[in-house]
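Presented below is the structure to which this report refers.
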Amino acid sequence: MTSSNKENQYYRQLIINHYSNPVNKGLLKTKNSLVFHHDHNSCVDDFYFELTFDHDTIINARFEGIGCAISTAAIDIFATLIINQTIKQVKNINHHYQAMLQGQKYHEKSLQDLVAFKNVIKQPNRIKCALIVAEAINEIFLMQSKGIKDNKGKTNESRY
């Protein structure tokens, strides 16, 4: 088995593990959290993604919902990576992640386990699954910059 095949097998297993046993599943619903609901009309993916802030640092990242292996694993791996990162660091990670999924130049080292999704670009119909988390991150940061509590204009508590 070539090293490329071993690497691909490792990434597939990583995705399966995060899909089957996500470590960041379950919303906290704290007052310092922002939640973004994201779903697709064309597939089963339907997630709530929650970031908890302490000033400009993400102190927790959680999700709830259902989706395919790619979207669920991407959200779980991304959440693990960004805990205890600053907003600036998370924006940088997100930039490189989106670049990777769009076939552009990216910094592999900053993505850590998110590089497991680098071959998704070979399956164009799966790119949107891998990008759900990136879109949620963008929307949450936009909400935060505007002082919005959630993507429906209500406080987190009133949504649950």
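Simple spin-label estimate for Glu7 and Ser42 gives 3.0 nm between the two label positions (7 Å along the Cα-to-Cβ direction from each Cα). Could you pull out the pairs from Lys29/Lys128; Lys6/Lys88; Lys91/Lys118; Lys88/Lys122 whose alpha carbons sit more than 24 Å apart here? The answer is Lys29/Lys128; Lys6/Lys88; Lys88/Lys122. Assuming a viscosity of 1.002 mPa s and a temperature of 20 °C, what translational diffusion coefficient in µm² per second does Stokes-Einstein assign to the range 6-160, Rh being the Kirkwood radius over Cα pairs? Calculated translational D: 138 µm²/s.
Peptides 46-58, 13-25, 127-139, 70-82, ordered by how many other C-beta atoms sit within 10 Å of their residues on average, highest first, read 70-82, 127-139, 46-58, 13-25. Solvent-accessible surface of the range 45-95, averaged per residue with a 1.4 angstrom probe and all protein chains in place: 38 square angstrom. Separation of the range 2-38 and the range 44-91, taken as the distance between their Cα centroids, equals 9 angstrom.
Element breakdown for the range 11-160 at a 1.4 angstrom probe: carbon and sulfur atoms account for 49% of the accessible area. Rounded to the nearest 500, the 222 nm mean residue ellipticity of the chain from helices alone is -15500 deg cm²/dmol, with -39,500 (n - 2.57) taken per DSSP H run of at least 4 residues. The modelled label-to-label distance between Ile59 and Lys122, using points 7 Å beyond Cα along the C-beta direction, is 4.3 nm.
The values are calculated or read from the model by the stated rules, or taken from the named source; none is laboratory data. All values derive from a computational prediction rather than experimental measurement. Neighbour counts are summed over all protein chains in view; Cβ atoms, including those assigned to glycine, are modelled from backbone coordinates with ideal geometry. Keep in mind that these areas ignore ligands, DNA and RNA; they rest on the heavy atoms of the full protein, side chains included. Shrake-Rupley method; radii C 1.70, N 1.55, O 1.52, S 1.80 Å.
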